[in-house]
Every structure is written in C-alpha cells, then in structure tokens.
1. Which one is surrounded by the most Cβ atoms within 10 Å (Cβ to Cβ), of the residues in region 28-41 that are closer than 28 Å to Arg138 by Cα and at pLDDT below 90?
2. In region 164-205, which residues are modelled with pLDDT under 80 and within 13 Å of Arg11 (Cα to Cα)?
3. Would you check if there is a residue in region 133-140 being modelled with pLDDT of 95 or more, under 21 Å from Ala34 (Cβ atoms), open to solvent by 70 Å² or more (accessible area, probe 1.4 Å) and under 26 Å from the mean Cα position of the chain (by Cα)?
Amino acid sequence: MASDPRHGYLRRAYDTIARVGKEWKETSDRGARAAERVVNAGIRQKFAGKRAFGCAFADTGEFEGVREWMEASMISKKRDAIADAEEALDCLTKLFTTLSNLENSLSALPPPDEKLQPISLPISTLCEWVSEIGIMYRKSITLKTVTLDDITENLTAVSTRGSAELYSVYLSAWVMEPYVDIKRIKYIEGAVAIAIANLQSSTVR
C-alpha cells in the first residue's frame, strides 16, 4: 500500500516545530547573555568617569591614563556585546521565518483525497497551530528588539545610581519571554506526534 501523503507534512511540521523550539531557546539564551554584557560594560564605563573614582586623585590627572583605558575598554566590550545581541536577534528572526514558510506550505496543500480516512489533526488545525506559535515568536522578537534599543540608548542617559535595578528589568523582559508559551508549544508538539502515530497505525491496518 502506498504511504499516506499526509504523513509527510505532519512529520515535517513536527520536526520543524521541535527544531525551531530548541534553537530558539539556545539562541535566546545566547542573546540574553550578550544583553547582560552590554549592561555590565555600560555601567562600568560610567564608573570609569572621573567622578566615579570618588577620590581626591580623580581630578589631579594622576589616574587620567587609567581612566581613559578603562573607558575605552568598556566601550569596546559594549560594542562587541551589542553586535552579539543583534546577531542573536537576526537568528531568531530567521527561525520565525522558518515557521512562516511552514505555515505557507501547509496552507498551499491541496485538499486531501476523499478516499483517505479522516485523521485526528486536520491540516486547517495544524496551520492554525503553526501560526499561533509564529505569533508568539514574532511578539517576542519585537520585545527583545525594543529592549535592546532601550538598553543601548539609556546607558548614556541614566545615572549610575539606580542603573542596576533598571537594567535588571530590561534583562528580565528578554529572559522571561512573556509571549512564548512553552507549555502550549509542547502540547502542540505532542498532539502532532500523536496524529503521526495514529496515521501510521491506520496505514498499517
């Protein structure tokens, strides 16, 4: 008996959702570490200023060379960390595009052969689920982008006092990912896996 063509798109959907989810977590964590480095470098850059030394020597020029070296070092580290965070955002955007392409491919599939036995997961439902996950990731990318912009812009505008508390809020917005419902995504993965298993079972019969 020829294999059911629906098995192919179900398997592709499952593999894509699972792979994107795994890579999303790894990339998001990498971006969070980069964003934290941006914050740390920016705050240390502020402390490299003369007033931040908090000692009588700060205004004598004795430590000017050290101060300039510290400030240049922190600026370089902050620039590298921003580049790493932006690279992570680019990777997350590509993962979102992968899901969008999957949704488009599923939407373009022709109606199933009426001779085929109905399955527990219609293609319309699968498309809705893929779209639902894609919306989660898209909103998260927007939040992370705004967060990184705020961090980089406000590092030069906010005084050192209180900066730690402010930027801990920014970093929490990146790490917590309020728009990404992991339990819901795992439920969808499980439902697709069950549909694949049921389809295989019915084909064997």
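1. Here the residue is Ala35.
2. Selection gives Leu199, Gln200.
3. yes
The values are calculated or read from the model by the stated rules, or taken from the named source; none is laboratory data. Keep in mind it's a predicted model, so treat the numbers as computed, not measured. Note: ideal-geometry Cβ built from the backbone for every residue, glycine included; neighbour counts use all protein chains shown. Each accessible area value is taken on the protein alone, full model and side chains, heavy atoms only, with ligands, DNA and RNA left out. Shrake-Rupley method; radii C 1.70, N 1.55, O 1.52, S 1.80 Å.
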